[in-house]
Amino acid sequence: MPGNKAVHVLRSMSHNPFFNLATENWLLRSSSLVAKETLFLWQVKPTVIGVHQNPWAEVDVDAMKADDVFLARRQSGGGAVYQDMGNTNFTFVSDKNAFNKELNSEIVTKSLRRGYGIKAETSGRNDILVDGKKVSGAAYKLTPDRGFHHGTMMRDVEFASMGKYLTPHPLKLQSKGVASVQARVTNLNLENPSITHDGLCEALTDQFFETHGGSCGIEWIDEDVMKTVPEIEQEYRRLSAWSWRFGNTPKFSRVMDHKFDWGLVSMQFESTGGVVTGARMFSDCLVPSFVEAAEQALLGAELSLAGVAGFVGRLRATVPAEQHGWAEELGTWFGAAL
C-alpha cells in the first residue's frame, strides 16, 4: 500500500539508449535500492524493440541506418516503439511484493490531469489514452525479488518518422481496426501546448512523492561517471552489441503468424524428419519468459498431433498456472496450422 515509503528519483543527462537501458537494469538488480520505491526519468532517440521482436520484420533497418537512428532491444516484453526527443520515458522500480502496475499507471494519469489538465485514462494491456488515442505505452520485467514498469509519454513525437521506421505486422493493425500505427496515437502537446520534458518530469515526480508519502532530492545521472560502475559498463556493452540487437534473429524456412488476445505471435522453425530442429518465437507478449519457454518446449517436437500435445505439456510444466491457457491456445493453433 502507498504511504510513507523511502523513495529515490533519478534523471538521466544522457540520451544514449544503451546507457539508459543498462542503467534501468542496474537499478532493477541493485541491492542498495531494495527497500526503496524508485523513479527513473530519461530521454533517447532510437527505435527500441521488445526482446522478442524480429528487427528485419518490425522496422525498416535500411532507413534507420541511412538516418543514423539507433536500434536497441530492451529487457521487457511488448511491441516495437519509436522514440525521439519528443518522448519522456519513465521507469518505476520496486520490490516484487510491492510491485503494482495499476498504481504506477495511476501516477502517470494523475500527473497529466493535475499538472496539465489532460484527461488521461488507462486502457488495454499497457496503454494510456487521451480521447481514445494512445499517448503512452508501457511494459514490465520481473525478477525473483524486484520488478520494473517502464513506458513512454509522447509529448511531441515526429509521427512521420514513426511511420517511416516502424513496419508493424498487418495482423496487429487489423486487430485494432486501424490502417497504420500513426492512426491510433497522438501527442500530449496537442492537448496542452505548454507541456515540456522538464515540466512533465516535475509533474511525475510530484505525484510519485504524493502517492508514496515520501520525498527526496533528485539524483542526476551522468553517463561518464556511471559507466565507471562495472555492472553498468558490462550491461552497456551487451545491449549495444550487434549480436544482441540483430544476431539472434536467424531466418527459418517455416513461418506461422497469429494474433492471440495476449499477443501477436510469429512462429518460425526448421524441421528434419518431421522433428523441430530450430525455432524462434517472436511476439509482443508482455511476459518474455513465456516466449522463451515456448521456444524451448518446441525444440524436438514431432510435427504431429501427438508431438503438439507433448509441446503443450512441456510448456505447461515450465510456466505459471495463469499461463496454462496461453499454452493450450498456442498448441491448438499450431496443431491446426500444421
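Per-structure values
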item	result
Residue, nearest to the chain's Cα centre (by Cα), within the range 129-158, restricted to residues that are outside any loop (DSSP other than H, G, I, E, B) and over 20 Å from residue 285 (Cβ atoms)	153
Selection status of residue 322, at pLDDT 95 or above, under 22 Å from the mean Cα position of the chain (by Cα), of a type in the set (Asp, Glu) and surrounded by fewer than 20 Cβ atoms within 10 Å (Cβ to Cβ)	yes
Qualifying residue in the range 196-211 (condition: in a strand (DSSP E or B) and either within 25 Å of residue 92 (Cα to Cα) or at pLDDT 90 or above (or both))	no
Selection status of residue 219, in a helix (DSSP H, G or I), modelled with pLDDT under 95 and over 24 Å from residue 154 (Cβ atoms)	no
Residue tally, condition within 25 Å of residue 143 (Cα to Cα) and exposed (fewer than 15 other Cβ atoms within 10 Å of the Cβ), over the range 300-319	2
Per-region count, the range 224-239, residues surrounded by fewer than 18 Cβ atoms within 10 Å (Cβ to Cβ) and part of a helix (DSSP H, G or I)	8
Filter result for the condition that a residue is modelled with pLDDT of 90 or more, among the basic types (Lys, Arg) and under 27 Å from residue 144 (Cβ atoms), over 280, 316	316
Test: residue in the range 304-322 that is of a type in the set (Val, Ile, Thr) and within 17 Å of residue 258 (Cβ to Cβ)	yes
Helices (runs of 4 or more DSSP H) wholly inside the range 9-84 that include at least 3 residues being buried (at least 23 other Cβ atoms within 10 Å of the Cβ)	17-29
Close pairs from the range 212-231: first closer than 13 Å to residue 23 by Cα, partner polar (S, T, N, Q), Cβ under 6 Å, at least 6 apart	221/12; 223/14
Matching residues in the range 214-228 - criterion: being within 17 Å of residue 11 (Cα to Cα) and not hydroxyl-bearing (Ser, Thr, Tyr)	216, 217, 218, 219, 220, 221, 222, 223, 224, 225, 226, 227
Scope the range 257-310; condition of a type in the set (D, E, K, R) and in contact with a strand residue (DSSP E or B) (Cβ under 7 Å, 6 or more places away or on another chain); matching residues	257, 270, 280, 284, 295, 302
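The values are calculated or read from the model by the stated rules, or taken from the named source; none is laboratory data. Note that the structure is predicted; figures quoted are calculated from it, not measured. Positions of Cβ are backbone-derived with ideal geometry, glycine not excepted, and every protein chain shown enters the neighbour counts.
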